[in-house]
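The structure appears below as structure tokens.
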Amino acid sequence: MVNSLVVAAEGGQNPVLPHTSEIIIGLVAFLLLFFIIKKFVSPKFEALYAERAAKIEGGIEKAEQAQAQAQETLEQYKAQLAEARAEAARIRDDARIEGEQIISELRAKAQEESARIVAQGQTQLETQRAQIVAELRGELGRLAIDLADRVVGESLEDEVRRKGTVDRFLADLDDTSAPAAK
Amino acid sequence: MTTLVLAAGDEFVAPGVKDFFPPPIFGEVTKPMVLAVFSIVIIGAFFLLGSRNLKLVPGKFQFVAESVYDVGRNSIAREQIGAKDFKPFVPLLLTVFMFVLVNNLFGIVPFIQFPTMSHIGFPLAVSVLVIYPVYHFVGIKRHGFLRYLKHQTVPAGAPWFVLILLTPIEFFQKFFLNPLTLAIRVFAAMFAGHLLLMVFTIAGEFLLLNGGITVVVAPVAFAFAIALTFLEALIMVLQAYIFALLSANYIGAALAEDH
């Protein structure tokens, strides 16, 4: 300590006491540097940081938008798909109903046709039968008279009685055969 | 004490205060003055080049410049002052940090080898003439003079008998000690560190040239000088960081709503 004081005294220098010129130089240099940094450097960096932050935030926002859009499109597709499915189901149902209708119509028509054909056949049969019966009746009467003529010869004069006998016989025949024909 | 007679007979002169005051380069201009000016040229050039043509995605040099800027901006200004108020103080604190840092590092740069901050005038200029008025000014501007005085000297929540003791101490600290300790801290660290380096280097040189048999000790002295250079590098960065950090801390404390 003593030594350093001696040295200081010798050189006229004390390191703890500031030199005015150094303070001034230091201050001026510092203020100059401060001015440069404040004026030219700091604003640029701050602008860059602000821009960078904005960019990142913008990017996030854009991504969110894209996601929302994708979600919306997906929902649209889903709705469309559901609609299409419903449509298809409806068409299928319609087709089935229509098919059933057609089948039942056709069946009704066929039944009608068959009934008609049956009825036609029956009437035809009826007429034919009546014709045949009438024919047979005439034939049978003639044959019976012929037969009786041959059997009895010329013995039967009473035409009136003869006619009544044949008619009665034929009526009896009719009665027995009619239920079978029905 | 300053002389040490060795076998060879030459006198060893230990480095002392006189080594911190080399003769002026010309007129009144001394080495530290030149270095102080040189430092702002370096820093100014670095930042002007680094901030030219800034891109969103930084290149290599821009990345380095941004990293340095971010030390001043984020880890010093924002940490100490708070995210709300720190922006206007970024240029000031960045300047403080870089100015002290580069002037400290001159101490281990070959051929320069002189820490400007070992002359107390320079740190005093920054702390007493810049930081001290700035933090009081922004404090008074924010709170008004009386409220600021109370805010700075009367810690909230302390009982009255403690305040009797505490208030004068706080006042003394806030208005006298803070700027002085800020300057003396870095000055003393740089002064002592430089002295230490000189002792080992000059002693090693002396032993090598005039040591006779003790010449074998010279490598040890040089090894120590090299090891101490690394230690000094750490201390220089640390002191610059502390200087800027405390400046930011004073500003933050002056602006803070509660104590």
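The values are calculated or read from the model by the stated rules, or taken from the named source; none is laboratory data. This structure is a prediction, so every number in the text was calculated from the model and none was measured. Using ideal geometry, Cβ is built from the backbone for each residue, glycine included, and neighbour counts are taken over all protein chains shown.
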Checklist entry - Would the range B:123-145 turn up any residue that is assigned to a helix (DSSP H, G or I), surrounded by 18 or more Cβ atoms within 10 Å (Cβ to Cβ), facing chain A (nearest Cβ under 10 Å) and not aliphatic (A, V, I, L, M)? => result yes
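Does at least one position in the range A:62-69 carry a residue that is of a type in the set (S, T, N, Q), assigned to a helix (DSSP H, G or I) and over 30 Å from B:L56 (Cβ atoms)? Show your work before the answer.
Within the range A:62-69, the first condition is being of a type in the set (S, T, N, Q), and the residues that meet it are A:65, A:67, A:69.
Next, from what is left, pick out any that are assigned to a helix (DSSP H, G or I): A:65, A:67, A:69.
Checking which are over 30 Å from B:L56 (Cβ atoms) leaves us with none.
No, the conditions are met nowhere in the range A:62-69.
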Checklist entry - Which of the following residues is touching a Gly at 6+ places or on another chain (Cβ under 7 Å) and part of a helix (DSSP H, G or I): B:A183, B:A192, B:A221, B:A203? => result B:A221
Checklist entry - Is at least one residue of the range A:40-51 β-branched (V, I, T) and within 11 Å of chain B (Cβ to nearest Cβ)? => result yes
Checklist outcome for this item: From the option list B:F187, B:F176, single residue qualifying as surrounded by fewer than 13 Cβ atoms within 10 Å (Cβ to Cβ) and closer than 25 Å to B:V100 by Cβ is B:F176
Next on the checklist: Looking at (1) of a type outside the set (V, I, T); (2) farther than 29 Å from B:A248 by Cβ; (3) surrounded by 13 or more Cβ atoms within 10 Å (Cβ to Cβ); (4) facing chain A (nearest Cβ under 8 Å), which one does B:E28 not meet, given that it meets all the others?
Outcome noted: (3)
Checklist outcome for this item: B:P58 fails exactly one of (1) buried (at least 18 other Cβ atoms within 10 Å of the Cβ); (2) at the interface with chain A (Cβ under 10 Å from one of its Cβ atoms), namely (1)
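Quick grid of which residues meet (1) β-branched (V, I, T); (2) modelled with pLDDT of 90 or more; (3) surrounded by 14 or more Cβ atoms within 10 Å (Cβ to Cβ):
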site	(1), (2), (3)
B:F21	no, no, yes
B:V37	yes, yes, yes
B:E66	no, yes, yes
B:R78	no, yes, yes
B:V96	yes, yes, yes
